[in-house]
Each structure stands twice: as structure tokens, then as C-alpha cells.
Amino acid sequence: MKFIFPQNYDFKNKILGIIDYPTALINIIWYIIIFFIVNILFTSINIKIFVFIILCFPLLLFSFSGFNGENFIYVFIYMYKFAIKKKLMFYGK
């Protein structure tokens with residue numbers, strides 16, 4: 001069976017068809033950093049699990065859902081650039 005893809009089709013490799021590779025790499029790096037920080041700061045296993053989930057779950061949700069198909073890394077870059085260069089233009093009539 002042959003599939004014909006149009007030339008303007010943007011094919012992106014994804015892990016299990018859900019999350020792209022750069023996003024997964026950023027997620028893993030973030031989870032490792034949070035894991036080490038939580039292990040250093042807290043002794044109780046309940047607090048460790050709670051803090052780890054609170055800090056990692058939102059990033060996981062952004063990774064799966066995304067922003068209209070946009071990679072969340074790019075969204076955070078755009079937000080950072082906007083925070084540095086706030087140029088709001090108001091037009092008066």
C-alpha cells in the first residue's frame with residue numbers, strides 16, 4: 001500500500017505519535033533537575049512525591065496538549081521575548 005503525501009505536508013517525528021523529541025528531552029531534563037532538588041531539600045517521601053508532581057505535572061500537560069500544535073518550547077521563547085520587549089501600541093481616534 002502506498003501513501004502519497006503532499007509536498008507541503010509537514011511531517012514531524014513524535015514519540016508514540018504524541019510528543020515530539022525536543023519536548024521530551026526538555027521534559028526529561030526538567031524532571032531530573034526537580035528530582036535531585038526535591039531529594040536534597042525534603043526527607044519525607046510524601047512531601048517529595050507531592051512537590052515532584054506539583055512541579056512536573058503542568059509541564060507534562062503542556063507537552064501533550066500544546067498550544068494549537070505549537071511546540072511549548074517556542075511558546076516560552078515567545079513569552080520571554082515579549083516580557084523583555086514590551087511594545088504595546090495604542091491607536092487613538
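The values are calculated or read from the model by the stated rules, or taken from the named source; none is laboratory data. If you're wondering where the values come from, they're calculated on a predicted model, not measured in any experiment. Using ideal geometry, Cβ is built from the backbone for each residue, glycine included, and neighbour counts are taken over all protein chains shown. Remember, those area values only see protein heavy atoms, side chains included, never the ligands or the DNA or RNA. Shrake-Rupley method; radii C 1.70, N 1.55, O 1.52, S 1.80 Å.
Quick notes on this structure:
- Hey, Ile49 open to solvent by 70 Å² or more (accessible area, probe 1.4 Å) and either out of contact with any His (no Cβ under 9 Å at 6 or more places or on another chain) or among the aromatic types (Phe, Trp, Tyr) (or both) or not: yes
- At least 3 residues being at pLDDT 90 or above is the threshold, and among the helices (runs of 4 or more DSSP H) wholly inside the stretch 11-93 those reaching it are 21-41, 45-65.
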